[in-house]
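Derivation of every value follows stated rules applied to the coordinates shown; laboratory data play no part. What you see is a predicted model, and the numbers here were worked out from it, not measured in a lab. Cβ sites come from the backbone with ideal geometry, for glycine too, and all protein chains shown count toward neighbours.
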Amino acid sequence: MRRLSRFVIVGALAGALGFAAPALAQGAGKAQCKHCGKQKAAATAQDADEAILLARQALAAGDLERFDAAAALVGSDHPLRLYIDYWRLRLRIADNRPEHLSAAADADIERFLERHPGLLVTDLLRRDWLLNLGKRQQWTLFDRQYPQWVLRDEPQPACYAGLSRLARGEAVPAETRELLMQPRDLPEACNLLLETMASREQLKPAQLWQRLTLSLEANAPPAIRSAAQLLNPALERRVQQLRCAADRRRR
């Protein structure tokens, strides 16, 4: 009886130890797997952040293929995924893209704007699209989007809006005319507006002289040449001679 009791006790201990060992191993395995999951998530996040930097570089280079390769590594749940989508649309209408003067991206851009109203990234894309629409003289789309542009951090859309008004036979607003009289080089759209208004005699000679004077004071050669050419081709040559003489004296 005592011998049987001893065997029962030993068997019970062996059984307990036998079952305990796998349980301990299973618990350790779960802890290790949980730790591995955290490491994997951290590595994935780091890869996505590096991919965003690569996408930004590809955007600056105008390389759509490199951009798409990097963008594919950024998950849809990443906090900056919306900027990736914005950058891709911006890249499609960049001046160095062969399709930038076509309507290929218009529908995709409009969908993006409708899906994400009120966001900074939305207004940035709207500004880029306005510049593209103005260059293409797509005034119907431009006129629909321009009032919704909030930032107003770039003069060219306002100048394109002035050109749109001229195309409809309307006057250019006073605030846009003031942009043309700033003492600095004018961007492409504003130069085009200035030339168009001058050709339609919507600028008085005194205003063109004012533009020339401001350009001389700002020492802005492209603006000087543009204003002088609008006043008189002969005057442009005389201004150029005066500038060359001034340069020689400075030497």
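What would the Debye formula give as log10 I(q)/I(0) at q = 0.13 Å⁻¹ for the alpha-carbon point model of segment 137-251, no solvent? Reported log10 I(q)/I(0), two decimals: -0.54. Listing Trp87, Trp129 from fewest to most neighbouring C-beta atoms within 10 Å gives Trp87, Trp129.
How high is the FRET efficiency between Asp49 and Gln137 when r is their beta carbon distance and R₀ equals 30 Å, given to the nearest 0.05? With R0 = 30 Å, the Cβ-Cβ based efficiency is 0.15.
Each label was represented as a point 7 Å from its Cα along the Cα-to-Cβ direction; for Ala171 and Thr213 these points are 2.3 nm apart. In a DSSP loop and with at most 16 other Cβ atoms within 10 Å, the GluC sites (Glu not before Pro) in segment 76-138 are Glu99. Highest mean packing comes first when the peptides 207-219, 143-155 are listed by Cβ atoms within 10 Å, giving 207-219, 143-155. Consider a paramagnetic label point 7 Å from the Cα of Glu188 along Cα→Cβ; state which residues of segment 142-170 have an amide N under 13 Å from it. Once the point is set 7 Å along Cα→Cβ of Glu188, 156-157, 160 turn out to lie under 13 Å by backbone N, inside segment 142-170.
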